[in-house]
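The values are calculated or read from the model by the stated rules, or taken from the named source; none is laboratory data. Small disclaimer: the values here were computed from a predicted structure and weren't measured. With ideal geometry, Cβ positions are generated from the backbone for all residues, glycine too; neighbour counts draw on all protein chains shown.
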């Protein structure tokens, strides 16, 4: 089952003194187990461009489509057995503590 | 017969969900088997092995439905295999049944599900309540509750929540999640006994018993079971003839369920695992045990109860625990000391709008003899209280302090 994992900032990051996890180690583990499909960082919201078409007219605007304090800073596509496995993988990502992660299951085109 | 059916129902539902992955099919098949049993057994007599009869009947129905849907052959074989392994239930809480029931509980209480959905699904699938009964308990329409259940089933399917027991390193926190759902179910019934939710307290006690049978060495599971039994034992003395709540110090202790208290104390003994830091359910059960064992209200060991609240607060620094502690201080050292302890709690904004804050204050003022101030605090509490039983109790108290405040000759 595939999940899109949004990597986002959070106004209240973890402040405990737990040892740091490193994103390279996370990636090596997840990729090594064949759980990682694709992923990257994305540039901040000020570099975003929003595109709409209304009544045949193209509307291009600067900035993200929602005003939010929390920014999406990256994404990964994970291929997991089930949600519990995706949660385990997400929980070991450094941004689970420095920010937050959101798991969205894929909705295959042939499913209702 | 109902009890036997109830025990088998859960085992069969859990097995069918594991094999078919279809929650509705599992429940329909068991419902169908139970209805057939109710129609046939009184006429033809109860079969030699009722468990096997119910299992076989439910599985046969599942096979019929799956064949009609042209389900793959290997799934059909799995259901047939299930009939062979489960046909003769020896210990309904052991072996393969135990695992299936745990899978069911952990899935119903998965943290990725909405909290109200966890409660509804646990009541439907584990406790076996109908959608209508659950709707009545939570004062919503049957269609609203049906939607809530459907939404929860859908999330399980779409988000890829597996029917499984969590990894060993997650068991403790996931068990805590299951306990929270059971405690919430119990409390809904306990605090709203004259609403539609009265039976939920008994369901909560039953669910805690099931968990304790499935996870006998978990001290917090035993702690929750002890807590619920010790609280539920007081149910007959908790409300008066007019449906008003009776506070603990005025309850007729002869009405307490002694057999249930004995069960609760036995569970508490099992929860007291040497060397383990007591968890919040065990600590609350220890407090409930102090009340259950005191021969009368005056003999209550308030010194020990305050100490227990202190330990509980260290673990779970919630303002509600602090409020209960202040009330206990009021009994240990008198109402003046209680008010001093309460002053600190009252600064916590999280308690704004919580009716028990002015209610505790009112009780302390009443016992101090400050009738006018007590009456004002009772009126504050009455604007916030939500259940009828508590409202009637607060109204009774308000009448009492109002009467004591206007003694003859005052004017």
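Taking the criterion of being assigned to a strand (DSSP E or B) and surrounded by fewer than 16 Cβ atoms within 10 Å (Cβ to Cβ), the residues of the range A:5-48 that qualify are A:37, A:38, A:40, A:41.
With over 24 Å from residue B:220 (Cβ atoms) and surrounded by 15 or more Cβ atoms within 10 Å (Cβ to Cβ) as the only criterion, which of B:279, B:353, B:338 stands out?
Result: B:338 is the single residue among B:279, B:353, B:338 that is over 24 Å from residue B:220 (Cβ atoms) and surrounded by 15 or more Cβ atoms within 10 Å (Cβ to Cβ).
Return yes or no: is residue B:243 in contact (Cβ under 8 Å) with a residue 40 or more places away in the chain and either surrounded by fewer than 17 Cβ atoms within 10 Å (Cβ to Cβ) or not in a helix (DSSP H, G or I) (or both)? For residue B:243, the condition - in contact (Cβ under 8 Å) with a residue 40 or more places away in the chain and either surrounded by fewer than 17 Cβ atoms within 10 Å (Cβ to Cβ) or not in a helix (DSSP H, G or I) (or both) - is met.
Checked against the criteria, residue B:137 does not count as within 14 Å of chain A (Cβ to nearest Cβ) and crowded, with 18+ Cβ neighbours inside 10 Å. Being touching a helix residue (DSSP H, G or I) at 6+ places or on another chain (Cβ under 8 Å), touching a residue at least 24 places away in the same chain (Cβ under 8 Å) and part of a loop (DSSP other than H, G, I, E, B) is a property that does not hold for residue B:264.
One line per residue, one yes/no per condition, for (1) under 17 Å from the mean Cα position of the chain (by Cα); (2) assigned to a strand (DSSP E or B); (3) at negative phi:
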position: A:50; (1), (2), (3): no, yes, yes
position: A:60; (1), (2), (3): no, yes, yes
position: A:70; (1), (2), (3): yes, no, yes
position: A:73; (1), (2), (3): yes, yes, yes
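Taking the condition of being touching a residue at least 60 places away in the same chain (Cβ under 8 Å) and either within 11 Å of chain B (Cβ to nearest Cβ) or within 23 Å of residue B:166 (Cβ to Cβ) (or both), how many residues in the range A:97-112 meet it?
Residues of the range A:97-112 touching a residue at least 60 places away in the same chain (Cβ under 8 Å): A:97-106.
Checking the rest, the ones that are also either within 11 Å of chain B (Cβ to nearest Cβ) or within 23 Å of residue B:166 (Cβ to Cβ) (or both) come to A:97, A:100-106.
Result for the range A:97-112: 8.
May I ask you to say which residue of B:373, B:344, B:400 is assigned by TED's automatic domain parsing to the domain that holds residue B:319 and either more than 23 Å from residue B:189 (Cα to Cα) or buried (at least 16 other Cβ atoms within 10 Å of the Cβ) (or both)?
On the way: B:373 fails: assigned by TED's automatic domain parsing to the domain that holds residue B:319; B:400 fails: assigned by TED's automatic domain parsing to the domain that holds residue B:319.
On inspection, the qualifying residue turns out to be B:344.
Condition check ((1) at pLDDT below 80; (2) in contact with a strand residue (DSSP E or B) (Cβ under 8 Å, 6 or more places away or on another chain); (3) not assigned by TED's automatic domain parsing to the domain that holds residue B:168) across all residues:
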site	(1), (2), (3)
B:3	yes, no, yes
B:19	no, no, yes
B:70	yes, no, yes
B:74	yes, no, yes
B:84	yes, no, yes
B:98	no, no, no
B:101	no, no, no
B:113	no, no, no
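The helices (runs of 4 or more DSSP H) located wholly in the range B:312-390 that include 2 or more residues which are under 24 Å from the mean Cα position of the chain (by Cα) and over 27 Å from residue B:240 (Cα atoms) occupy B:319-332. Applying the set (1) away from every other protein chain (no Cβ under 14 Å); (2) not in a loop (DSSP other than H, G, I, E, B) to residue B:192 leaves exactly one unmet item: (2).
Out of curiosity, is residue B:112 in contact (Cβ under 8 Å) with a residue 24 or more places away in the chain, within 14 Å of chain A (Cβ to nearest Cβ) and either within 15 Å of the chain's Cα centre (by Cα) or part of a loop (DSSP other than H, G, I, E, B) (or both)? Yes, satisfied. Quick check on residue B:209: is it part of a helix (DSSP H, G or I) and either assigned by TED's automatic domain parsing to the domain that holds residue B:305 or closer than 30 Å to residue B:141 by Cα (or both)? In short, yes.
Counting only residues that are part of a helix (DSSP H, G or I) and away from every other protein chain (no Cβ under 13 Å), how many does the range A:81-96 have? Break it down into steps so the answer makes sense when it comes.
Going residue by residue through the range A:81-96, those that are part of a helix (DSSP H, G or I) are A:83-92, A:95-96.
So of that shortlist, the ones also away from every other protein chain (no Cβ under 13 Å) come out as A:95-96.
Of the residues in the range A:81-96, 2 are part of a helix (DSSP H, G or I) and away from every other protein chain (no Cβ under 13 Å).
Only a single item in (1) in a helix (DSSP H, G or I); (2) in contact with a helix residue (DSSP H, G or I) (Cβ under 9 Å, 6 or more places away or on another chain) is not met by residue B:273, and it is number (1). Of all residues in the range B:158-170 being assigned to a helix (DSSP H, G or I) and surrounded by 13 or more Cβ atoms within 10 Å (Cβ to Cβ), which is farthest from the other protein chains (Cβ to nearest Cβ)? That would be B:170.
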